[in-house]
Amino acid sequence: MALIWSVISVSCSILVTPFLMFLLAIIFLASIGKSLGVRRLYVKMLLKIFEYGRENIEIAQKDRHASCENSENEDEDCDKDGRGDSRRNCSRSVTSDRRIHSDHLLYKADGKVKNGVLANNSTSVISREDLILVPDPEHNYSHANSNMTSEDDHTAASHNFPRRRSFETLRSDFELSDCLDFVKVGVEAIIEDQVTLRFETEELKSWNLLTRTNRHYEFISWRLSFIWMVGFFMRYCFLLPLRVLICFIGTVWIVMAMLLVGLVPEGRFKHWLHRRAYLITFRILARSLSAIITVHDKQYVPSGGVCVANHTSPIDIIMLSTENCYSLIGQRHGGFLGVLQRALARASPHIWFERSEVKDREAVAKKLRQHVSDPRNPPILIFPEGTCINNTSVMQFKKGSFEVGSVIYPVAIKYDPKFGDAFWNSSRYSMMQYLYLMMTSWAIVCDVWYLPPMYQQEGETAIDFANRVKSVIARQGGLVDLMWDGQLKRMKAKPEWKEKQQEEFSKRLKVDARKQE
């Protein structure tokens, strides 16, 4: 027994020392903002493994398909021998494989998933081109029609795309069939609405060897099973402990550093010291997720004003804060997020409000104006959607951040779901459960685009300005631009939206005043 314990102690001492040295090297490189390229090499290796797994799955599906075709040639024998159930199961497997193969071809056609299309969760029989049930139905007609040239009209006609027509074109005497458009859209919404899909996990075109998959366990080959077991050991026995330690060090650092910065008198030195401590904090936290962040157009990184971005997860703040220092605005939280909020508030101005103050828009807007009016304050980072969306779309931007009269710096964030799903479904996972899923994923890979600053035009309302900024972010990030409010996942549609639909329908009817008399 003593011999066993001595062997274990020696083994631990041999392994712990390199592990600690590796940990210290990661912390040091993160603190100075440098990288040796190990993580990017690691991601390239993962891509090759995923491709190998995909090829093995396709080969297994082809073999199964061939064996089932052979069994179909023996239908009569199968029925006579009592093996009809086996043949039917095989037939269902072939049908499923064909569907999976067709889904793969859909993705493979252009190298990436079509915007907003979720594999195995969507149907091709629903058309969104002539959608009429939207929060602002007039936008579908006047805006789309006024911006379309004759060349666009010819292109749309040649591709058989439905054209949105003006109200004048749509006006006619009332017929019972006029209601069918609304019936059709209502049935389509029941089958597959645009809002619910934005709060479900984005499915992948092929398995990424994670245990979190939408498919049940299925044996493919011994080689693939061995690779999965090695990957499981790598993620849970090496990466998870390492990431937890790095996250713990980052949390301790932010509490201690911000406490010390808060004791320094106001001045240029405090601003410089806070910026350095802030960047080091979030760079360390990014390494705890094995984050690989590709930043585009750094010349547009904001130095003041309001920075707005699409929202997928709380770690969006980490992804953006590795390059720049921000003031944050949001609801006051408890637990782990509360620790970070209180630590940050000790050293720099942030806007945290209670749940009871959420509806007091004027109070929040006043705090925003006060913040942006002081040029010494860092730019304030806002996620106007107000909730997390699943990395496929951009939903309605709240107009509050666009009413302060400040310059707006748009930022688009797009995650690569092959290595880990960054979307936080707050109704399903707590913050600690979400962090556990992030730290047991392969990595967090994302692209960040800083876009040119935008200003509110003369005569432009805050709502139109917000929609214009949202469309720019959606176009750059390859996301679907939706007009729906993301809060619909928690509440019912507003009564004024229903009234707008009634008004829109009444505009389509041509009523003869003399007939009314």
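The set of residues from the stretch 423-466 being farther than 22 Å from S290 by Cα, open to solvent by 60 Å² or more (accessible area, probe 1.4 Å) and outside any loop (DSSP other than H, G, I, E, B) comprises I463, D464. When you check V469 against the structure, is it open to solvent by less than 20 Å² (accessible area, probe 1.4 Å), among the aliphatic types (A, V, I, L, M) and part of a strand (DSSP E or B), yes or no? Taking the combined requirement at face value, the residue does not satisfy it.
Selection of the stretch 394-403 for residues being part of a loop (DSSP other than H, G, I, E, B) and either under 22 Å from the mean Cα position of the chain (by Cα) or buried (at least 21 other Cβ atoms within 10 Å of the Cβ) (or both) yields M395, Q396, F397, K398.
Residue-by-condition table, conditions (1) crowded, with 21+ Cβ neighbours inside 10 Å; (2) free of Cβ contacts under 8 Å to residues at least 12 places away in the same chain; (3) closer than 21 Å to P417 by Cβ:
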| site | (1), (2), (3) |
| --- | --- |
| I293 | no, no, yes |
| D297 | no, no, no |
| G305 | no, no, no |
| V308 | yes, no, no |
| I317 | no, no, yes |
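Please tell me if K500 is basic (K, R), more than 20 Å from G400 (Cα to Cα) and either touching a residue at least 24 places away in the same chain (Cβ under 8 Å) or open to solvent by less than 50 Å² (accessible area, probe 1.4 Å) (or both). Yes. Does any residue of the stretch 402-418 turn out to be closer than 21 Å to Y236 by Cβ and in contact (Cβ under 8 Å) with a residue 24 or more places away in the chain? Yes. Of the residues I280, I380, the single one that is open to solvent by 10 Å² or more (accessible area, probe 1.4 Å), at negative phi and modelled with pLDDT of 90 or more is I280. Which residue out of L273, L285 is touching a helix residue (DSSP H, G or I) at 6+ places or on another chain (Cβ under 9 Å), surrounded by 16 or more Cβ atoms within 10 Å (Cβ to Cβ) and farther than 18 Å from A25 by Cα? That would be L273, the only listed residue that is touching a helix residue (DSSP H, G or I) at 6+ places or on another chain (Cβ under 9 Å), surrounded by 16 or more Cβ atoms within 10 Å (Cβ to Cβ) and farther than 18 Å from A25 by Cα. Pairs meeting the criteria (first residue in the stretch 26-41 and modelled with pLDDT of 85 or more, second residue of a type in the set (D, E), beta carbons under 7 Å, at least 6 apart or on different chains) are lacking. Where helices (runs of 4 or more DSSP H) fall wholly inside the stretch 208-316, the ranges with 1 or more residues that are under 25 Å from F19 (Cβ atoms) and more than 26 Å from the chain's Cα centre (by Cα) are 222-233, 240-263.
Any residue in the stretch 474-491 that is open to solvent by less than 10 Å² (accessible area, probe 1.4 Å) and either β-branched (V, I, T) or without any contact (Cβ under 8 Å) to a residue 60 or more places away in the chain (or both)? Taking every residue of the stretch 474-491 in turn, none turns out to be open to solvent by less than 10 Å² (accessible area, probe 1.4 Å) and either β-branched (V, I, T) or without any contact (Cβ under 8 Å) to a residue 60 or more places away in the chain (or both).
Only residues that are under 15 Å from N310 (Cβ atoms) and either at pLDDT below 90 or of a type in the set (D, E, K, R) (or both) were counted across the stretch 449-476, and they come to 3. Taking residues in the stretch 446-466 that are more than 10 Å from E403 (Cβ to Cβ) and in contact (Cβ under 8 Å) with a residue 60 or more places away in the chain, and partners anywhere that are of a type in the set (K, R) and buried (at least 17 other Cβ atoms within 10 Å of the Cβ), the pairs with Cβ atoms closer than 7 Å and at least 6 places apart or on different chains are C446/K414; D447/K414.
The values are calculated or read from the model by the stated rules, or taken from the named source; none is laboratory data. On a predicted model such as this, the values are computed, not experimentally measured, just so you know. Here the Cβ is made from the backbone with ideal geometry for all residues, glycine too, and neighbour counts use every protein chain on show. Surface areas here come from the heavy atoms of the whole protein model, side chains and all, with no ligands, DNA or RNA. Shrake-Rupley method; radii C 1.70, N 1.55, O 1.52, S 1.80 Å.
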